[in-house]
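Chemist: Below is a structure I'd like to ask you about.
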Amino acid sequence: MTDDAYFRRLGAALDARGVDVPTVVIDRARLERNRERISTRLGGRALRLVVKSLPSVPLLRALLPRDTPPRLMCFHRPFLQQVAQAFPDADVLMGKPLPLASLARFYDTPPTSSFRPERQLAWLVDTAERLDALVRFAQERGLGLRVAIEIDVGLHRGGVPEPAALSALLERVLAAGEQLQLAGFMGYDAHVAKAPPPSTPGHAARRSDARYAEFLAVARRHLGSRFPETFVCNGAGSPTFALHDSGSPIDDVAIGSAFVKPTDFDLPSLSELEPAVFISTRVLKRARGVRIPFLEWLPDTGRDSLFLYGGRWLAEPVWPPSMRPSRLYGPSSNQQLMTVARAARLAVDDFVFFRPTQSEAVLLGFGELLAWDGDRGLETWSVLG
């Protein structure tokens, strides 16, 4: 199917549904193909879905492995409470350290499902000071907390900076006794995909893995027989998971945006994945030419003006293929001006389409998602609040 036929078919489905406002559409067939391709690439490593990038319970359900309990990564306390309710058997790893106020809110209003934080939730620890604060919190509340340690594998965005600095933190975990249980490591490596010459992403991934292995070796030496039987080595991400080979110490892979592939993820390592998320909106006005205030004397370039319902999204125009913004007119959140080749077959009330540049901010901005399943039509998917 050509892009023209694809988007006209999608537009027809939206028209039949009576969609009248800007909307995010998920292509379920493409989503499923991406899920299958990613599963193959993981080579048996555990998949942990990144909730901030896939902020919808139905979307998460569509992507969860069919034969194992869900593994999720959360970055936001309200999202944590909702997924703990929706997925009571999930193993949840926090992807960033949270303020103590977030822990207090979570334990003040715990999920009413069978989710058990003391067994299924790991809070992220990046410093000795934060670890000590968690110990005090656990003591005051009479809680047992699971924690994962953030390690710096080259991104330099926090975490234990050097393998040599890990032992002191591990000693603090042991000293906390029953108040703390060590769940594992989290080492994010987004820098790998942007390795500048003369390095390459592949070389950077191997360096990151070597660094991770050094941290793991320190933990095994320091803990000895007290090293946990189940120890999560979480790492990678959508831009980098495909760069880690079978020798990587990472056995728990965090992936989110790659499943829907916004434009920021048009990377060589993800070339086999298909864009599966689009913003759709209707044309409100079409005018011949492009008339710019105070520059009406500019010659006709053979392009026409479109004014759209909404605009100024974190997105790039994708259809019709000749559509692009006007640098002279500027953006608008109300009626975005886009220009289009005069030959483009496009009329008032027709749909145009954009590809989001990212998923985590865009998917939350439209109130709900529409999941398109070809001939079976459109289904409404709620988003997390």
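Chemist: Which pairs turn up if I take residues in region 72-94 that are under 19 Å from D252 (Cα atoms) and look for partners that are assigned to a loop (DSSP other than H, G, I, E, B) and at pLDDT below 95 with beta carbon separation below 6 Å, at least 6 apart in sequence or on another chain?
Modeler: Final answer for the pair search is D89/P69.
Chemist: Would region 244-251 turn up any residue that is in contact (Cβ under 8 Å) with a residue 60 or more places away in the chain and within 20 Å of the chain's Cα centre (by Cα)?
Modeler: yes
Chemist: Does region 54-64 include one or more residues that are out of contact with any helix residue (DSSP H, G or I) (no Cβ under 7 Å at 6 or more places or on another chain) and polar (S, T, N, Q)?
Modeler: yes
Chemist: Within region 339-347, can one find any residue that is touching a strand residue (DSSP E or B) at 6+ places or on another chain (Cβ under 9 Å), within 28 Å of L364 (Cβ to Cβ), surrounded by 13 or more Cβ atoms within 10 Å (Cβ to Cβ) and not aromatic (F, W, Y)?
Modeler: Among the residues of region 339-347, not one is touching a strand residue (DSSP E or B) at 6+ places or on another chain (Cβ under 9 Å), within 28 Å of L364 (Cβ to Cβ), surrounded by 13 or more Cβ atoms within 10 Å (Cβ to Cβ) and not aromatic (F, W, Y), which makes the answer no.
Residues checked against (1) in a strand (DSSP E or B); (2) touching a Phe, Trp or Tyr at 6+ places or on another chain (Cβ under 8 Å); (3) of a type in the set (D, E); (4) within 15 Å of T281 (Cα to Cα):
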residue	(1), (2), (3), (4)
L298	no, no, no, no
T301	no, no, no, no
F307	yes, no, no, yes
V318	yes, yes, no, yes
V348	no, no, no, yes
V352	yes, yes, no, yes
R355	yes, yes, no, yes
S359	no, no, no, no
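Rundown of residues vs (1) touching a Pro at 6+ places or on another chain (Cβ under 8 Å); (2) crowded, with 17+ Cβ neighbours inside 10 Å, yes/no style:
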{"residue": "G18", "(1), (2)": "no, no"}
{"residue": "L31", "(1), (2)": "no, yes"}
{"residue": "L49", "(1), (2)": "yes, yes"}
{"residue": "L63", "(1), (2)": "no, yes"}
{"residue": "T68", "(1), (2)": "no, no"}
{"residue": "P99", "(1), (2)": "no, no"}
{"residue": "L103", "(1), (2)": "no, yes"}
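Chemist: For region 252-275, give me each residue that is of a type outside the set (A, V, I, L, M), in contact (Cβ under 8 Å) with a residue 60 or more places away in the chain and touching a helix residue (DSSP H, G or I) at 6+ places or on another chain (Cβ under 6 Å).
Modeler: Across region 252-275, the qualifying residues are G256, S257, F259, S269, E272, E274.
Chemist: Any residue that is modelled with pLDDT of 95 or more, among the aromatic types (F, W, Y) and either surrounded by fewer than 16 Cβ atoms within 10 Å (Cβ to Cβ) or more than 30 Å from E140 (Cβ to Cβ) (or both) - is there at least one of those in region 78-89?
Modeler: No, region 78-89 has no match at all.
Let's see how each residue does on (1) modelled with pLDDT under 95; (2) not aliphatic (A, V, I, L, M):
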residue: P99; (1), (2): no, yes
residue: P110; (1), (2): yes, yes
residue: L121; (1), (2): no, no
residue: D126; (1), (2): no, yes
residue: E129; (1), (2): no, yes
residue: I149; (1), (2): no, no
residue: P163; (1), (2): no, yes
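Chemist: Which of the residues that make up region 5-41 are of a type in the set (G, A, S) and either over 26 Å from A84 (Cβ atoms) or touching a residue at least 40 places away in the same chain (Cβ under 8 Å) (or both)?
Modeler: A5, G11, A12, A13, A16, G18, A29
Chemist: Still on this model: How about region 168-196: which of its residues are part of a strand (DSSP E or B) and either under 25 Å from the mean Cα position of the chain (by Cα) or of a type in the set (K, R) (or both)?
Modeler: Once the filter is applied, which keeps residues that are part of a strand (DSSP E or B) and either under 25 Å from the mean Cα position of the chain (by Cα) or of a type in the set (K, R) (or both), region 168-196 yields A183, G184, F185, M186, G187.
Chemist: Would a scan of region 42-51 turn up a residue that is over 24 Å from L314 (Cβ atoms), assigned to a loop (DSSP other than H, G, I, E, B) and touching a residue at least 60 places away in the same chain (Cβ under 8 Å)?
Modeler: yes
Chemist: Then there is this: Any chance region 28-45 includes a residue that's over 20 Å from S271 (Cα atoms), outside the structural domain of G365 (by TED's automatic domain parsing) and of a type in the set (V, I, T)?
Modeler: Within region 28-45, not a single residue is over 20 Å from S271 (Cα atoms), outside the structural domain of G365 (by TED's automatic domain parsing) and of a type in the set (V, I, T).
Chemist: Now, a different point. Given the residues A213, A165, which is the only one that is in contact (Cβ under 8 Å) with a residue 12 or more places away in the chain, in the same structural domain as R130 (by TED's automatic domain parsing) and part of a helix (DSSP H, G or I)?
Modeler: Within the list A213, A165, the selection yields A213.
Chemist: Residue under question is F366, and the condition is that it be within 30 Å of R61 (Cβ to Cβ) and either in the same structural domain as A86 (by TED's automatic domain parsing) or assigned to a strand (DSSP E or B) (or both); does it hold?
Modeler: It is false that F366 is within 30 Å of R61 (Cβ to Cβ) and either in the same structural domain as A86 (by TED's automatic domain parsing) or assigned to a strand (DSSP E or B) (or both).
Chemist: Same structure, new question: Of everything in region 209-263 that's β-branched (V, I, T) and touching a Ser or Thr at 6+ places or on another chain (Cβ under 7 Å), which residue is surrounded by the fewest Cβ atoms within 10 Å (Cβ to Cβ)?
Modeler: T263
The values are calculated or read from the model by the stated rules, or taken from the named source; none is laboratory data. Fair warning: this is a prediction, and the values are worked out from it, not measured in the lab. Virtual Cβ from ideal backbone geometry, glycine too; neighbours counted across all protein chains shown.
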